[in-house]
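This report refers to the structure that appears directly beneath it.
The values are calculated or read from the model by the stated rules, or taken from the named source; none is laboratory data. In this text the structure is predicted, and so the values were computed from the model without any measurement. Cβ coordinates were reconstructed from backbone atoms using ideal geometry, including for glycine residues, and neighbour counts include every protein chain displayed.
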Amino acid sequence: MIRTLTALGLAAVWATAAAQTAPSTMDIVRQRGVLHCGVTPNVPGFAAPDTQGNWRGLDADVCRAVAAAFFGDPAKVRFIPTTTPQRFTMLQSGDVDLLSRATTWTLTRESNLGLAFAGIYYYDGQAFMVRQGTPVTSAKQLDGATVCLQPGATTERNMADFARTSGIRLTPVAMEDIEEVRAAFKAGRCDAYTTDLSSLASFRFLQGAEADRYVILPEVTSKEPLGPLVRKGDWKWFDLVRWTLYALIAAEELGITQANVDSLMTSDSPDIRRFVGAEGEIGKSLGVDNRWAVNVIKAVGNFGEVWDRNITPLGVQRGINRLWTQGGLMYAPPMR
Amino acid sequence: MPSISLLRAARLACIGAAFAAPAFAQSPTLDAVRQRGMFNCGVSPNLPGFSAPDSRGVMQGLEADSCRAIAVALFGDPDKVRFVPTTVQNRFTALQSGEVDVLIRNTTWTLSREGSLGLMFAPANFYDGQGFIVKKSAGVASAKELNGAAICVQPGSTTELNLQDYFRSNNMTFTPVVIADTEEIFKAFIAGRCDAYTTDASSLASFRARQGANAEQYVILPELISKEPLAPAVRKGDDRWFDIVRWSFFAQLIAEELGINSQNIDSFMTSQNPEVRRFLGLEGNMGKPLGLDDRWAYNIIKKVGNFAEMWDRTMGAMGVQRGINNLWNKGGIQYAPPMR
């Protein structure tokens, strides 16, 4: 027992020493005056520069929300495009403070890379697309359909599992090359096309003026939870990123929007008063201004607004990304 | 030799701080638990459904079983856990001081607890919400009819804050009857010292179930006035320990989703499904980076069961419906990231 207590005491001393020698991410970002946010180079809906060179997308807005929470200013972000192979190294090395880059949260990424996922802002996963005019509104109505897909144990198994649990029969039409699969689907060689929701959205986006010919069905049948990552060992920063995401979700639940947030400073609702910083000290406990959540919502709107601006135009329905009170999975712990 | 491991931990921490390499963080908590040969889990002393001793003195409940799942992940043995009783008042101190390694005690995950107390929460193992129970004889059908009522409530917790918020929002008043001890508050409510008793709905259900033949005399009102995600808490700054706690729970969800339970798990050992094989430790080295045996998840399911089994023998047996605590693909919000 004494040994253990001594060990814990020493651990505390070491932890304190480490905290004194290593500058925290918050210190680094504050001193630099700008957040370095790692994003994808060009994935419409998630992060891509528009014609004026402004970054647009869900990932980009999450970067802006964190900058707004920390600096009170969503413009204090430098968007740093990262490739798939280099993205984790850039976070580990400190080139970026935060990776908001459509990255799936998995066990080994969390346990092997010295990184931690702060939450989930997009429940991605395998979904189905049909051509406009196909008389179905749900993947469960696809009984007897042929489905184009790329061969691969996971995609086919997920589809077989979904068919079995839904009591329907689906016949795979497998093709190696992604372009071949998409061409076959467009040409009507199969009734539906299945791959990850975000990939279906990107296919649809690439059809330009003909995007409306394709309909993404709402069901998501496998798990690809996308979330922002930070370095391990800096839990104040982890908290700020995780609660910035939760602020977006909580605002939607409380009916707080970009348009009405200023008028809510005089609300009588204790939940809203704490959210806007009119009472309580939730900002202080995160190490930021007490109006941090107001700054987030003024910058990008609530989660529903962020979704509608970035993802809805891709033809992706809210589905499991709705609030928990509306049949989805989005849930924020209490902001108190 | 704690000093050697601590020096290593400090060295690795420095490397991590310099961003030189993705260091495998050492875990002071894991080291201490291994050295002790026993995992100290802070629980509620007597809350049926969550953690309460049965007639043989064995702790039973959803939270007791969550403690056991972690003990199994660490030692392969569900008995290598010491249940440390904690009160509402001393629970956070018990965790901060190192008296317990994890706190799994009907504790709501909130922003200020995570921001200010040096703690962090692993995912909610139970999405709960605060409700009210009254005597049937009171003839009350809704919490909105409680204006002017005397309400029994435990002090020093979010329960008291929610109560104030709810009455304030609805322009109602109430008289708090504040009692710290769970048994005392039950007695006070039964004796009529208050008109209603408020706490999380799950606790109301366990209180009601404990009344045996008299259960019918009590009514749980329909309103849930808050979100109460109940979650295990750990100390901040111990990365690997946090991973172990959060993934021990995710493993139970993943098993349920894969249809793997304590009874059928061995029949999956010949599965060709890579997801199943990784889960069982047959491929992929899912344990080593966490500092655990690769069969850690297998062991949890074999010895404690998947989430549905754990729920059914604890909350389910108390008459609490799964509801939002169902898996994400069955109408609930319980969701685990993929194990790969």
Examine the stretch A:196-213 for a residue that is closer than 30 Å to residue B:240 by Cβ, part of a helix (DSSP H, G or I) and of a type in the set (Asp, Glu), and state whether such a residue exists. no
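So which of A:125, A:114, A:152 is within 14 Å of chain B (Cβ to nearest Cβ) and touching a Ser or Thr at 6+ places or on another chain (Cβ under 8 Å)? Step through it out loud before you land on a result.
On the way: A:114 fails: touching a Ser or Thr at 6+ places or on another chain (Cβ under 8 Å); A:152 fails: touching a Ser or Thr at 6+ places or on another chain (Cβ under 8 Å).
Result of the check over A:125, A:114, A:152: A:125.
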In contact with a helix residue (DSSP H, G or I) (Cβ under 7 Å, 6 or more places away or on another chain), touching a residue at least 24 places away in the same chain (Cβ under 8 Å) and basic (Lys, Arg): is that true of residue B:193 in this structure? no
Could you go through the stretch A:197-213 and let me know if any residue there is within 13 Å of another protein chain (Cβ to nearest Cβ) and at positive phi. no
In the stretch B:162-210, which residue that is buried (at least 16 other Cβ atoms within 10 Å of the Cβ) and within 14 Å of chain A (Cβ to nearest Cβ) is farthest from residue A:274 (Cα to Cα)? B:200
Members of the stretch B:85-98 that are buried (at least 19 other Cβ atoms within 10 Å of the Cβ), outside any helix (DSSP H, G or I) and within 14 Å of chain A (Cβ to nearest Cβ): B:98
Restricting the search to the stretch B:37-61, which residues are under 16 Å from residue B:318 (Cβ atoms) and either part of a loop (DSSP other than H, G, I, E, B) or in contact with a helix residue (DSSP H, G or I) (Cβ under 6 Å, 6 or more places away or on another chain) (or both)? B:44, B:46, B:48, B:49, B:50, B:51, B:54, B:61
For the stretch A:247-275, give me the residue count where each residue is within 14 Å of residue A:334 (Cβ to Cβ) and of a type in the set (S, T, N, Q). 1
When (1) within 14 Å of chain B (Cβ to nearest Cβ); (2) in contact with a helix residue (DSSP H, G or I) (Cβ under 7 Å, 6 or more places away or on another chain); (3) surrounded by fewer than 24 Cβ atoms within 10 Å (Cβ to Cβ); (4) in a loop (DSSP other than H, G, I, E, B) are applied to residue A:96, the one that fails is (3)
Tell me which residues, restricted to the stretch B:224-243, are within 9 Å of another protein chain (Cβ to nearest Cβ) and within 17 Å of the chain's Cα centre (by Cα). B:227, B:228, B:229, B:231, B:242, B:243
Looking at (1) touching a Ser or Thr at 6+ places or on another chain (Cβ under 6 Å); (2) crowded, with 21+ Cβ neighbours inside 10 Å; (3) facing chain A (nearest Cβ under 9 Å); (4) not charged (D, E, K, R), which is the one condition that is false for residue B:247? (1)
Top-ranked residue of the stretch A:222-232 - restricted to ones that are assigned to a loop (DSSP other than H, G, I, E, B) and facing another protein chain (nearest Cβ under 8 Å), ranked as farthest from the chain's Cα centre (by Cα): A:232
Give the residues of the stretch A:133-168 that are in contact (Cβ under 8 Å) with a residue 40 or more places away in the chain, in a loop (DSSP other than H, G, I, E, B) and touching a helix residue (DSSP H, G or I) at 6+ places or on another chain (Cβ under 8 Å), sorted by residue number. A:150
Scan of the stretch A:214-256 for residues that are among the small types (Gly, Ala, Ser) and within 13 Å of residue A:121 (Cα to Cα), ordered by number: A:227, A:247, A:250
Looking at the stretch A:84-100, is at least one residue modelled with pLDDT of 95 or more and within 16 Å of residue A:225 (Cβ to Cβ)? yes
Kindly establish whether residue A:181 is away from every other protein chain (no Cβ under 14 Å), touching a Cys at 6+ places or on another chain (Cβ under 6 Å) and surrounded by fewer than 21 Cβ atoms within 10 Å (Cβ to Cβ). no
Take residue A:297 and tell me if it is buried (at least 19 other Cβ atoms within 10 Å of the Cβ), more than 9 Å from chain B (Cβ to nearest Cβ), β-branched (Val, Ile, Thr) and part of a helix (DSSP H, G or I). yes
How many residues of the stretch B:319-340 are surrounded by 20 or more Cβ atoms within 10 Å (Cβ to Cβ) and either away from chain A (no Cβ under 14 Å) or of a type in the set (Gly, Ala, Ser) (or both)? The answer is 2
Can you find, within the stretch B:136-161, the residue that is nearest to the other protein chains (Cβ to nearest Cβ) among those that are of a type in the set (S, T, N, Q) and exposed (fewer than 14 other Cβ atoms within 10 Å of the Cβ)? B:147
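Residues checked against (1) crowded, with 22+ Cβ neighbours inside 10 Å; (2) at pLDDT 95 or above; (3) out of contact with any Phe, Trp or Tyr (no Cβ under 6 Å at 6 or more places or on another chain):
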residue	(1), (2), (3)
A:291	no, yes, yes
A:309	no, yes, yes
A:324	no, no, no
A:332	yes, yes, no
Among B:267, B:206, which is of a type in the set (Gly, Ala, Ser) and over 21 Å from the mean Cα position of the chain (by Cα)? B:267
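Residue by residue, here is whether (1) within 13 Å of chain B (Cβ to nearest Cβ); (2) free of Cβ contacts under 8 Å to residues at least 24 places away in the same chain; (3) under 26 Å from residue B:250 (Cα atoms) holds:
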{"residue": "A:234", "(1), (2), (3)": "yes, no, yes"}
{"residue": "A:241", "(1), (2), (3)": "yes, no, yes"}
{"residue": "A:247", "(1), (2), (3)": "yes, no, yes"}
{"residue": "A:258", "(1), (2), (3)": "no, no, no"}
{"residue": "A:287", "(1), (2), (3)": "yes, no, no"}
{"residue": "A:292", "(1), (2), (3)": "yes, no, no"}
{"residue": "A:314", "(1), (2), (3)": "no, no, no"}
{"residue": "A:325", "(1), (2), (3)": "yes, no, yes"}
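Looking at B:264, B:273, B:325, which is the one that is polar (S, T, N, Q) and in contact with a strand residue (DSSP E or B) (Cβ under 6 Å, 6 or more places away or on another chain)?
On inspection, the qualifying residue turns out to be B:325.
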Residue selected from the stretch A:246-278 under the condition among the acidic types (Asp, Glu) and not in a loop (DSSP other than H, G, I, E, B), by the criterion surrounded by the fewest Cβ atoms within 10 Å (Cβ to Cβ): A:262
Filter the stretch B:291-305 for residues that are in contact with a Leu (Cβ under 8 Å, 6 or more places away or on another chain) and either under 21 Å from residue A:323 (Cα atoms) or crowded, with 19+ Cβ neighbours inside 10 Å (or both) and give the result. B:291, B:292, B:296, B:297, B:298
Out of everything in the stretch A:79-93 that is in contact (Cβ under 8 Å) with a residue 12 or more places away in the chain and not in a loop (DSSP other than H, G, I, E, B), what residue ends up being surrounded by the most Cβ atoms within 10 Å (Cβ to Cβ)? A:91
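Within the group B:260, B:220, B:254, B:225, which residue is over 29 Å from residue A:253 (Cα atoms) and among the β-branched types (Val, Ile, Thr)? Talk me through it step by step, then tell me what you get.
Working: B:220 fails: over 29 Å from residue A:253 (Cα atoms); B:254 fails: over 29 Å from residue A:253 (Cα atoms); B:225 fails: over 29 Å from residue A:253 (Cα atoms).
Selected residue: B:260, the only one of B:260, B:220, B:254, B:225 that is over 29 Å from residue A:253 (Cα atoms) and among the β-branched types (Val, Ile, Thr).
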